[in-house]
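A.B. asks: I'd like to ask some things about the structure below.
The values are calculated or read from the model by the stated rules, or taken from the named source; none is laboratory data. Every value quoted in this text rests on a predicted model; they were computed, and no experiment measured them. All Cβ positions, even for glycine, are placed from backbone atoms using ideal geometry, and neighbour counts span all protein chains on display. Just the protein is used for accessible areas: all its heavy atoms, side chains included, with ligands, DNA and RNA removed. Shrake-Rupley method; radii C 1.70, N 1.55, O 1.52, S 1.80 Å.
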Amino acid sequence: MQKNIIKLEHPRNYHMVGDGFRVTNYVPGYHSDMNESTSPFLMLDYNAPWHIPPQLNHRPGVGFHPHRGFETVTIVYSGEIEHQDTAWNGWVIGADEVQWMTAWSGLLHNEFMTKKFSSEGWTQHAVQLWVNLPQKYKMTNPEYQALTRDNIPEVEFEWWKVRVIAGKLWDISGAARTFSPIELYDIRFDSVSRFDFAIPEDYTTMVLVTEWSVVINEKSLWNGDMIHFSKTWEGISVSSAGNAKILVMAGKPLWENISHYGPFVMNTPQEIEQAFVDLRAGMMWKLDN
Ligand code: MN
């Protein structure tokens, strides 16, 4: 049986993250607070294709800021995002690459376009997804996984392919290590085709259209449309009339309290206060907190 679509969102508002990311926020949604309804996902920002003109001695982006208690997953379709943090030296996330950063007990990082991207001008197209960590994993040492073009496994058919970023599709395991069950698929169609797959019925399941148009469980969707499925049934059927891309995000809910403030996501207000104390004490500047 096919899953039911319980919410469809069209891209409406934009806001800037620093001066480098022009995003629409789908989770938790404008004027909404992070909550359990989308668990384990906390936040989803989509930077639809956006052309940045050549910059003179300036790199658009967002400066140093902290994170604690969850993971930031940055999926780049077009562009080059250079990342620096207080635990490692940094890395460039290029087109079709993913950075899976586990903030754990805390770190500071920045995210800027590369010098080359900035000086030549380019199209920025990316997703940032925040994945919550189970309580027992929130306070270990930060870590990141650089998922490059070559190490994201693909399930390939004649007219479509699935890039398995996390989870497992049939017998193909995804590239990322996760701390709760998560399925993250970047699905790409080249021509008229149809792909049917299943996600367990008790999972939170969301799909974002990241290029052109598809029909999912009888509903026509365009780039920037986002759907949420109910936690009933398993089937998802995607048809495309040509080129299209979608991002499937699914995960088993954690069912744990969420307490958050800005870049910190913990389980209690006391832990949020502690995060500010630790930040001021400089504890997020070191690898071994
Ligand atoms: Mn960040």
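A.B. asks: If the chain were replaced by its equivalent ellipsoid, with semi-axes equal to the square roots of 5 times the Cα gyration tensor eigenvalues, what would those be, largest first, whole Å? Please list the in-between numbers first.
C.D. replies: Details: eigenvalues 172, 111, 59 Å².
Value: 29, 24, 17 Å, ordered largest first.
A.B. asks: Assigning unit charges at the beta carbon (Lys, Arg +1; Asp, Glu -1) and nothing else, what dipole magnitude in debye, to the nearest 20, does the chain show about its Cα centre?
C.D. replies: 260
A.B. asks: Put THR140, THR38 in order of accessible area, largest first, 1.4 Å probe: what do you get?
C.D. replies: If we order THR140, THR38 from most to least accessible, we get THR140, THR38.
A.B. asks: If the viscosity is 0.692 mPa s and the temperature 37 °C, what Stokes-Einstein diffusion coefficient in µm²/s follows for region 203-289 when Rh is the Kirkwood radius over Cα pairs?
C.D. replies: Once the numbers are plugged in, D ends up at 202 µm²/s.
A.B. asks: Now for a different question. Rounded to the nearest 10 Å², what accessible area does PHE189 have for a 1.4 Å probe in the complete protein model?
C.D. replies: Here the accessible area works out near 0 Å².
A.B. asks: Do me a favour and compute the ellipsoid semi-axes for region 10-70 from its Cα gyration tensor, root of five times each eigenvalue, largest one first, whole Å.
C.D. replies: Working from the Cα gyration tensor, I get semi-axes of 26, 16, 8 Å.
A.B. asks: Would you kindly derive the ³J(HN,Hα) couplings of region 218-223 from the backbone phi angles with the Karplus curve 6.51 cos²θ - 1.76 cosθ + 1.60 (θ = phi - 60°), listing them in order in whole Hz, with x for Gly and Pro?
C.D. replies: Using θ = phi - 60°, the values come out as 6, 9, 7, 9, 10, 3 Hz.
A.B. asks: Right, another one. List the residues, sorted by chain then number, that are 5 or more residues from TRP160 or on another chain and whose placed amide H is less than 5 Å from its amide H.
C.D. replies: When sequence neighbours closer than 5 places are left aside, the close amide H contacts are ASP190.
A.B. asks: Something else now. Given the options PHE117, PHE70, PHE197, which has the most mean-square fluctuation in a GNM of the chain, springs set between C-alpha atoms less than 10 angstrom apart?
C.D. replies: Of the options given, PHE197 has the highest mean-square fluctuation.
A.B. asks: Next up: Please build a GNM for the chain, connecting alpha carbons under 10 Å apart, and tell me which residue among GLY121, GLY20, GLY94 fluctuates the most.
C.D. replies: Comparing GLY121, GLY20, GLY94 in a Gaussian network model of the chain, the most mobile one is GLY121.
A.B. asks: For region 5-280, calculate the relative contact order in percent as a whole number, restricting contacts to Cα pairs under 8 Å that are 6 or more residues apart.
C.D. replies: 19
A.B. asks: May I ask you to evaluate 6.51 cos²θ - 1.76 cosθ + 1.60, the Karplus curve with θ = phi - 60°, for each residue of region 92-106 and list the ³J(HN,Hα) values in order in whole Hz, giving x for glycine and proline?
C.D. replies: Listing the rounded values in order: 9, 9, x, 4, 6, 10, 9, 10, 10, 9, 9, 5, 6, 6, x Hz.
A.B. asks: Would you calculate, for the chain, the mean residue ellipticity at 222 nm contributed by helices, counting each DSSP H stretch of 4 or more residues as -39,500 (n - 2.57) and dividing by all residues, to the nearest 500?
C.D. replies: Dividing the helical sum by the residues of the chain leaves -2000 deg cm²/dmol.
A.B. asks: Determine, for the chain, the count of lysine pairs separated by eight or more sequence positions (or lying on different chains) whose alpha-carbon distance falls under 22 Å.
C.D. replies: 22
A.B. asks: Still on this structure, please answer the following. Return the FRET efficiency for the residue pair SER37, LYS161: r is the Cβ-Cβ distance, R0 is 22 Å, and the value is rounded to the nearest 0.05.
C.D. replies: It comes out at approximately 0.10.
A.B. asks: HN-Hα J couplings of region 182-187 from phi, Karplus 6.51/-1.76/1.60, θ = phi - 60°, integer Hz, Gly and Pro as x?
C.D. replies: 9, 10, 10, 10, 9, 9
A.B. asks: Right, something else. Taking the solvent-accessible surface of protein heavy atoms with a 1.4 Å probe, what is the per residue accessible area of region 95-135 in Å²?
C.D. replies: 25
A.B. asks: Percent of accessible area on region 5-280 owned by carbon and sulfur, 1.4 Å probe?
C.D. replies: It is 52 percent, rounded to a whole number.
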